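A.B. asks: Before I ask anything, let me first share the structure, which is written out below as structure tokens.
The values are calculated or read from the model by the stated rules, or taken from the named source; none is laboratory data. If you're wondering where the values come from, they're calculated on a predicted model, not measured in any experiment. Glycine also receives a Cβ, built like all others from the backbone with ideal geometry; neighbour counts cover every protein chain displayed.
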Amino acid sequence: MTYATLNDANQAVIAELRKARPRLVDVKPAGSCIPFLAEGMSLLHAGPPIAWEDMTGPMKGAVLGACLFEGWAGTAKEAETLASGGKIRFAPCHDNSAVGPMGGITSAHMPVLVVKNAEHGNVAYCNLNEGIGKVMRFGAFEGEVQTRLAWMRDVLGPVMSEALSHLEDGLDLTAMMAQAVTMGDEFHQRNIAASALLLRALAAEIVGCGGDDAKRREVLAFLGRTDQFFLNIAMAYCKCVMDAGAKVGEGSIVTAMTRNGKDFGIRVSGLGDRWFTAPVNTPVGLFFTGYSQDDANPDIGDSAITETLGIGGAAMIAAPGVTRFLGAGGFNDALEISEEMREIYIETNSSFQIPTWDFQGACLGLDIRRVVETGITPVINTGIAHRKPGIGQVGAGTVRPPLACFEQALEALAAARSRSA
Amino acid sequence: MMLHALLLKGNFQDSVTLMVLSRDLSGLSTVNRVSVMMGTPANKDVYRETGMWHDALAEATPNDLCIVVDSDTTDPAIAETIAGEIKTRLAELAVGKRKAGYSTARSWRRARQLLPDANMVLISVAGQYAPALARQALEDGCHAMIFSDNVPVEDERALKTLAGERGLLVMGPDCGTAIIDRVPLAFANRIPAGPIAVVGASGTGIQELTSQIAWLGGGITHALGLGGRDLSETIGGASAAPALALVAADPRSRVVAFVSKQPAAAVKDKVMAILQGLGKPVVALFLGDRPTRRVVGNVHLARSLDEAASIAVDLAAIDVQASQLPDVSGTAICGLYTGGTLASEASFLLGEVLDLTDQATHTEGRMFDAAGHRIIDLGDDIYTRGRPHPMIDPFARGEMIRDLAADTSIGVLLLDVVLGFGSHSDPAGEVVKAVQDLRATRGEAAPVVVIATVTGTNEDPQDRASQTAMLEAAGIEIAGSVRAAVLLAARAVKGQTAQAAGGVTPAGLLAQAPAVINIGLTGFAQDLKAAGAKVVHLEWTPVAEGADKFRQLAASLQ
């Protein structure tokens, strides 16, 4: 062990988290930068490892959508046969330097954001946000979903790539997010400010791209109306930062939190790539007209990477605008949630100063010891998928991880430390 | 009658809140009675004993809120209805709490982070949980006030031992009252600031004593509680000693008032020894005691709370007066009284205060004579033979005052000035002339402190107010009573040299208003906030079953 105490190790992890400087440098087809996707019929999914049989509706729907998109199947039925016949290789996004919201299903020809850490050199990927309504990440897979996926592959991806190539070294995401947090984003449920700042930063470059005018106009219109476009960028940003922290290889800081619809999984800085899993909870929140809690799919998606860094639910107080939507009653409830989170995150992040929190930095460094000691689990802001494939998002709310993940990790950490002591 | 029950799992609330809820909900027309408690083994027994037991309670843990409804209806939905009502009312309470404006923490660590200069924890959780919380606070350098009762005596002893090692104070368990620098901890009254420090092992005793002090126009620095058991044989005044050391070292506390119920004999002796070594005037009340000696050195023994308050206020006034007196070289007290009963009272009290036995022969009006001190009744026959009574003709006393110039052993002169019909038209004027002559002859090398009592009213022909003013203008101390005069005289010749009390003095506690971490009743946090104190409320719930293993593991991984 390099560090005498867990506290020292954790401070070393915190130091790396603080040093990380992720930049959005490119948008590329996933298969061109994620080796796992380059071969055969391969898909990335959200959460810890999961087999087709165990996937819930939204993820299964997205798998079908990806099969149709890649041309591996002509119909949903054919796609289902492929998947249930074990013809498709699955791997967690997290094991491939990637993250994906909700189902997290990512295939070779889908464009991904390339976020590079200027300090540590590591790279993280995330697919592009499709907007709202019938979308693949929530399990919808036919018709407009396919049309949009094709457009993102053929237009949005290449245009963004070209636009970014005009910049010296991509976009400094820390600076952009620091600004957005003062504008009311917490980067999980609310990204409208950051999305607008991104469009502002790229607009001129997009206009300066080649190709026909109509396509550039489509891209600008899409970025202009997609409130949550930045969510996927924020996720790649968080993944990039947390992976840099994980390299320390010691300590009790959570480096990943994610859900596959069946299990919630966490990784811890001192325990490498090991997953500690327990059955997920089901989010509670507000539902679109016509839907209710009974329609809610259990917790799913890699987006809890935002809470892993200490934004999202932990920074609820930064986004008073969405607190009611998230089931939090109002400003005071949001304040209470963020104050509660300070019990389990050991530091604050001076990069993200929150005006509504008296300019306290966002939480930083989720310590499994604090979670177990206090019994307080992180609050995760989340969209809610319909439990059946093909329907999509039905609401939004909050959810907490099962405490058991943290307890198991703690036991493993104690065992690891007594072995090496 | 039909019993319905429901559990709200993992919903810990403090017992006072639940008692209020039980009372309020029992008033609903749809029910006969509602009982809401946490599912502790003790509470389950209560349900059995009160005929409110329901089998649904069997699986309840101490973290589960149990609702039992006694209603005439057979519809089990009534329990749901009541549960809904409880949730609503708890939510209203939570809103009220947020509006209170103090910060809330869920762990000790976070509470310290929010209030880095916290030096006091106020604990009012159920007794079984209090010791661990108090220990945590002590180990982190905070003094502890434990309001909770039902704390095992072994825990109390262990906590007080730990506090002693750390130089900290534990007030309680079962300590209802404390006031530190005007900050109320738990049950307390708004008492004006003043020089009296109160220390006691009796909650309402302290409240009544401090209220009486306020009524009498006095005020306090602090009131420290010890807990009802502190003066027992087992605990042996483990908190009394450091609490008294604290007030002894506190420069603002000039007078100490101590109150307790009847302590164990050995402990009482120990406390008395400490009180006598405080180097400050003390009034002590051991309720139920019938002291035969009322003054033991600097300690005045009272028999009732109001008497203790009155003595404390007198001692405080005397202390102020005494602090302004010049140092005298003569150490004897001489009283020259024109009133016989006044002389008699002065004699009796002087003997008591100085613990001297009167050696007077009681000839020539000598009412008291011991160790150089003397009290003379100038109304004695020997002085009135062939002369008018000294109240009518002050000449003889004037001469005796002047004669004291030669007797430099006398440092303090006690006098009475009796007004009213029949008396001299200006007795104060005559006293002033004689005292001025005495001082002139003595010179600055041998100052004399002159203390007078005035008998009479403002409606008397001589007018008490102007007579008093005349005496004061001449540098004569006015005492409100013969007792006050004697006490002031004793102070003037003895001084009060401060002595350090034994044991470790808990550092810093009384130097400024405490910064408090409140655990338990939210009302106490609200009171602290309202009083302008720094407070953080620690929202505490017992550890769920099975979770303790992991919690300990987390704590052990450093």
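A.B. asks: Which of the residues belonging to the range B:409-459 are over 19 Å from B:THR341 (Cα atoms) and in contact with a strand residue (DSSP E or B) (Cβ under 7 Å, 6 or more places away or on another chain)?
C.D. replies: Of the residues in the range B:409-459, the ones over 19 Å from B:THR341 (Cα atoms) are B:409-412, B:425-426, B:428-450, B:458-459.
Passing the criteria: B:SER409, B:ILE410, B:GLY411, B:VAL412, B:ALA428, B:VAL431, B:VAL435, B:VAL448, B:VAL449, B:VAL450.
A.B. asks: I'd like the full set of residues that are crowded, with 16+ Cβ neighbours inside 10 Å and among the polar types (S, T, N, Q), limited to the range B:416-463.
C.D. replies: Matches in the range B:416-463: B:SER423, B:THR453, B:THR455, B:GLN462.
A.B. asks: Moving to a separate point now. Going through the range A:192-247 one residue at a time, which ones are more than 18 Å from A:LEU171 (Cβ to Cβ) and not in a helix (DSSP H, G or I)?
C.D. replies: A:GLY210, A:GLY211, A:ASP212, A:ASP227, A:LYS247
A.B. asks: Additional query: So which residues in the range A:262-291 are at pLDDT below 90 and touching a Ser or Thr at 6+ places or on another chain (Cβ under 8 Å)?
C.D. replies: Taking the range A:262-291 and keeping what is at pLDDT below 90, we get A:284-291.
Correct list: A:VAL284, A:GLY285.
A.B. asks: Same structure, new question: Report whether or not A:GLY265 is more than 28 Å from A:ASN117 (Cα to Cα), away from chain B (no Cβ under 14 Å) and part of a strand (DSSP E or B). Can you show your working first?
C.D. replies: Values: more than 28 Å from A:ASN117 (Cα to Cα): no; away from chain B (no Cβ under 14 Å): yes; part of a strand (DSSP E or B): yes.
Taking the combined requirement at face value, the residue does not satisfy it.
A.B. asks: Could you pull out every one of the strands (runs of 3 or more DSSP E) wholly within the range B:64-144 that has 2 or more residues that are of a type outside the set (Val, Ile, Thr) and in contact with a Leu (Cβ under 7 Å, 6 or more places away or on another chain)? Even if it seems obvious, please write down each step before you answer.
C.D. replies: Values: elements: B:65-71, B:103-105, B:120-123.
Answer list for the range B:64-144: B:65-71, B:103-105.
A.B. asks: Checking A:ALA91 against (1) buried (at least 18 other Cβ atoms within 10 Å of the Cβ); (2) within 23 Å of the chain's Cα centre (by Cα), which test does it fail?
C.D. replies: (1)
A.B. asks: Here is a follow-up. Can you tell me which residue within the range B:1-42, out of those that are over 22 Å from B:THR522 (Cα atoms) and polar (S, T, N, Q), is surrounded by the fewest Cβ atoms within 10 Å (Cβ to Cβ)?
C.D. replies: Applying the filter and picking the extreme gives B:SER29.
A.B. asks: Something else now. Does the range A:246-254 include one or more residues that are surrounded by fewer than 22 Cβ atoms within 10 Å (Cβ to Cβ) and hydrophobic (A, V, I, L, M, F, W, C)?
C.D. replies: No, because not a single residue in the range A:246-254 is surrounded by fewer than 22 Cβ atoms within 10 Å (Cβ to Cβ) and hydrophobic (A, V, I, L, M, F, W, C).
A.B. asks: A further question on this structure: Restricting to the range A:204-238, what's the tally of residues that are surrounded by fewer than 16 Cβ atoms within 10 Å (Cβ to Cβ) and not charged (D, E, K, R)? I'd like the intermediate steps shown before the answer.
C.D. replies: Step one: list which residues in the range A:204-238 are surrounded by fewer than 16 Cβ atoms within 10 Å (Cβ to Cβ), which gives A:204, A:207-208, A:210-214, A:217-218, A:221, A:224-225.
Add one more test, that the residue is not charged (D, E, K, R), and what stays is A:204, A:207-208, A:210-211, A:214, A:221, A:224.
Counting residues in the range A:204-238 that are surrounded by fewer than 16 Cβ atoms within 10 Å (Cβ to Cβ) and not charged (D, E, K, R) gives 8.
A.B. asks: Every residue in the range B:515-558 that is among the small types (Gly, Ala, Ser), outside any helix (DSSP H, G or I) and more than 8 Å from chain A (Cβ to nearest Cβ), please. Talk me through it step by step, then tell me what you get.
C.D. replies: Going through the range B:515-558, the residues among the small types (Gly, Ala, Ser) turn out to be B:515, B:520, B:523, B:525, B:530-533, B:544, B:546-547, B:554-556.
With the extra rule that they be outside any helix (DSSP H, G or I), the set shrinks to B:515, B:520, B:531-533, B:544, B:546.
Correct list: B:ALA515, B:GLY520, B:ALA531, B:GLY532, B:ALA533, B:GLY546.
A.B. asks: Go through the range B:321-367 and report how many residues are over 36 Å from the mean Cα position of the chain (by Cα), surrounded by fewer than 23 Cβ atoms within 10 Å (Cβ to Cβ) and modelled with pLDDT of 90 or more. Let's see the steps before the verdict.
C.D. replies: Going residue by residue through the range B:321-367, those that are over 36 Å from the mean Cα position of the chain (by Cα) are B:336-340, B:359-367.
Filter once more, so that each one left must be surrounded by fewer than 23 Cβ atoms within 10 Å (Cβ to Cβ): B:339-340, B:359-366.
Subset that is modelled with pLDDT of 90 or more: B:339-340, B:366.
Residues in the range B:321-367 being over 36 Å from the mean Cα position of the chain (by Cα), surrounded by fewer than 23 Cβ atoms within 10 Å (Cβ to Cβ) and modelled with pLDDT of 90 or more: 3 in total.
A.B. asks: Go through the range B:107-161 and give me each residue that's under 24 Å from B:PRO184 (Cβ atoms) and free of Cβ contacts under 8 Å to residues at least 24 places away in the same chain.
C.D. replies: Once the filter is applied, which keeps residues that are under 24 Å from B:PRO184 (Cβ atoms) and free of Cβ contacts under 8 Å to residues at least 24 places away in the same chain, the range B:107-161 yields only B:PRO116.
A.B. asks: Can you list the strands (runs of 3 or more DSSP E) found entirely within the range A:346-420 that contain at least 1 residues being within 12 Å of chain B (Cβ to nearest Cβ)?
C.D. replies: Working: elements: A:360-366, A:380-385, A:393-399.
Filter on the range A:346-420 gives A:360-366.
A.B. asks: Mind checking which pairs have a first residue in the range B:341-352 that is among the charged types (D, E, K, R) and a second that is modelled with pLDDT under 95 and outside any helix (DSSP H, G or I), Cβ under 7 Å, 6 or more apart or different chains?
C.D. replies: If the second residue must be modelled with pLDDT under 95 and outside any helix (DSSP H, G or I), the pairs left are B:GLU352/B:ARG294; B:GLU352/B:VAL295.
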